[in-house]
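So the structure is just underneath, and the comments pick up after that.
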């Protein structure tokens, strides 16, 4: 299917995080008329600390100590250097947000961006394929040929309705999106013991933050495989290996086996302090040596998930029968739901992926052709709807380049039946794969980058780059396939 490629399109992009910024950049380079709508007062999405005026824009979701999970080299877009914005191996949220704003500024995109403009309704015009976009600034609708939704996977907090939390009689029960530092929970004299629910990246960051502020922390979860961001064994950032072609070759690579062994050793430390063993999920662990010190000193302890609370309102009961007394506050690091409140009939799975599972978070599933296109409405695109251990901005950039290729005719969409068949087959694979038991929308970084690169004709030859080094976004641009440019890229690692 070709989308009338010889005409300039009017395109609306919803969301001003990195997915929206790269989509705006690519569509502008494609010669289209593009407008980006963002409800916050600044660009950067989840990396913006405060959306601005609370009456007009959402509040931020970042905590004071937040840094990226991906290293600086891996977090760099394919042709906009991050140099000058951060010298840290893992940039802070403020540095990353400034970098993303810089991308929009140097690309000349700012005049096309409408901040503090929330999209309230999106629908197709009756009898037409045009899209009608209504915003918070009035009842009048604007018409567009193409819609790109780039609002990410953090649409709505998850787990805030857990039944036992209603019976808690200690201090505050908050979602991690509300946590900034320990003062968020109250005076330090009254916050002596905090229960953190969850074992994802935020749970590990926040539990470390609280323990470093002299309060005791109990982390309650179903367990995970720990991935320290820095590999002492390999003496490099862990994602240098996680995002290499060598990573999937566990049985054939000594380096891959060493990495897996290092991760298991880190996991055993957590299990030794009470965490259930669970290989179906991976979590990124920062400050791992200091975290181990907190565990050894008893400032952080691990426990199974909480199932109930005793009548005193402050003693938690875990699934294995353990009780956790004298809890002063609870932080729910229970993730988010994917939500599109402005869109009629979003392309989300209507049926539970895992019948009988009570955790609805893991049942969110976007049914998209090549993870980008609504199979039934081929003028409706999505960018950034995935989970990965790579940098989401770099993978979103590749998705945006793919969309630009579709609109230019360089990539041809198949017909409706083939698009639906691809989605159904992919969904079946996602349900069956072991990682999918926890998050069916996890996408292998290298495999997904390659998926779009093949269609665009920018698949780097295996001989260009060592198999044990990370597949940087710049490797998927032909202009970098020279000895000189490859040497420069290697020097960044």
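For region 287-313, give me the residue count where each residue is out of contact with any strand residue (DSSP E or B) (no Cβ under 7 Å at 6 or more places or on another chain) and within 30 Å of residue 469 (Cα to Cα).
Qualifying residue count, region 287-313: 4.
Within region 254-267, does at least one residue satisfy the condition of being closer than 26 Å to residue 439 by Cβ, part of a loop (DSSP other than H, G, I, E, B), at pLDDT below 95 and assigned by TED's automatic domain parsing to the domain that holds residue 197?
no
For region 232-245, state whether one or more residues are assigned to a strand (DSSP E or B), at pLDDT below 95 and out of contact with any strand residue (DSSP E or B) (no Cβ under 7 Å at 6 or more places or on another chain).
yes
Hey, residue 439 hits all of (1) outside any helix (DSSP H, G or I); (2) modelled with pLDDT of 95 or more; (3) within 23 Å of the chain's Cα centre (by Cα) but one; which does it fall short on?
(2)
Check region 176-188 and report whether any residue there is more than 23 Å from residue 161 (Cα to Cα) and at pLDDT 95 or above.
No, there is no match, as no residue in region 176-188 is more than 23 Å from residue 161 (Cα to Cα) and at pLDDT 95 or above.
Looking at region 427-436, which of its residues are farther than 22 Å from residue 396 by Cα, in a helix (DSSP H, G or I) and at pLDDT below 85?
Those that are farther than 22 Å from residue 396 by Cα, in a helix (DSSP H, G or I) and at pLDDT below 85: 431, 432.
Can you pull out the residues in region 352-367 that are surrounded by fewer than 22 Cβ atoms within 10 Å (Cβ to Cβ) and either part of a loop (DSSP other than H, G, I, E, B) or at pLDDT 95 or above (or both)?
Answer for region 352-367, where residues must be surrounded by fewer than 22 Cβ atoms within 10 Å (Cβ to Cβ) and either part of a loop (DSSP other than H, G, I, E, B) or at pLDDT 95 or above (or both): 352, 353, 354, 355, 356, 357, 358, 359, 367.
Any idea how many residues of region 90-112 are more than 23 Å from residue 27 (Cβ to Cβ) and either in contact with a strand residue (DSSP E or B) (Cβ under 8 Å, 6 or more places away or on another chain) or not in a helix (DSSP H, G or I) (or both)?
Matching residues across region 90-112 total 4.
Quick one: residue 81 ticks every box in (1) out of contact with any helix residue (DSSP H, G or I) (no Cβ under 7 Å at 6 or more places or on another chain); (2) crowded, with 22+ Cβ neighbours inside 10 Å; (3) part of a loop (DSSP other than H, G, I, E, B) except a single one, so which number is it?
For residue 81, the failing item is (2).
Of the numbered conditions (1) in contact with a helix residue (DSSP H, G or I) (Cβ under 7 Å, 6 or more places away or on another chain); (2) touching a residue at least 60 places away in the same chain (Cβ under 8 Å); (3) buried (at least 17 other Cβ atoms within 10 Å of the Cβ); (4) within 27 Å of residue 339 (Cβ to Cβ), residue 194 fails exactly one; give the number of that condition.
Among (1) in contact with a helix residue (DSSP H, G or I) (Cβ under 7 Å, 6 or more places away or on another chain); (2) touching a residue at least 60 places away in the same chain (Cβ under 8 Å); (3) buried (at least 17 other Cβ atoms within 10 Å of the Cβ); (4) within 27 Å of residue 339 (Cβ to Cβ), the lone unmet condition for residue 194 is (4).
What tally of residues in region 468-493 results from selecting those that are more than 22 Å from the chain's Cα centre (by Cα), under 23 Å from residue 455 (Cβ atoms) and either assigned to a loop (DSSP other than H, G, I, E, B) or assigned by TED's automatic domain parsing to the domain that holds residue 89 (or both)?
2
The values are calculated or read from the model by the stated rules, or taken from the named source; none is laboratory data. Here the structure is a predicted model, which is why all the values come from computation and not from measurement. No Cβ is skipped: glycine too gets one built from the backbone with ideal geometry, and neighbour counts run over all protein chains shown.
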